[in-house]
């Protein structure tokens, strides 16, 4: 049962990690747009939203790891007692 929770938690962290990587790639692509390019300059406004998304994904990954550790400890305590 405990391995199920660990597997589920690691899968969730892996999913969020790949999404975080995609957000970072998009931020880098938008930052590469020159300031004097009027056709694509409006796309740079999306960077702040993407930074917030990256921050939320990172926080979610940390919360998921903490929750997995807590669930594992809870199961260990329950089956030990």
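Rounded to the nearest 10 degrees, the inclination of helix 2-31 to the longest alpha-carbon principal axis of the chain is 10 degrees. Ordering 8-18, 71-81 by mean Cβ neighbour count within 10 Å, with the highest value first, yields 8-18, 71-81. Computed from Cα atoms, the angle from the helix 47-80 axis to the main principal axis of the chain rounds to 0 degrees.
Take every Cα pair under 8 Å in region 1-68 that's 6+ residues apart, average their separations, divide by the length, and report that relative contact order as a whole percent.
Values: 36 pairs, mean separation 33.6, N = 68.
The value is 49 percent.
The numbers here are math on the coordinates, done by the rules we state, and not lab data. Predicted, not measured: the structure shown is a model, and the values here were computed from it. Virtual Cβ from ideal backbone geometry, glycine too; neighbours counted across all protein chains shown.
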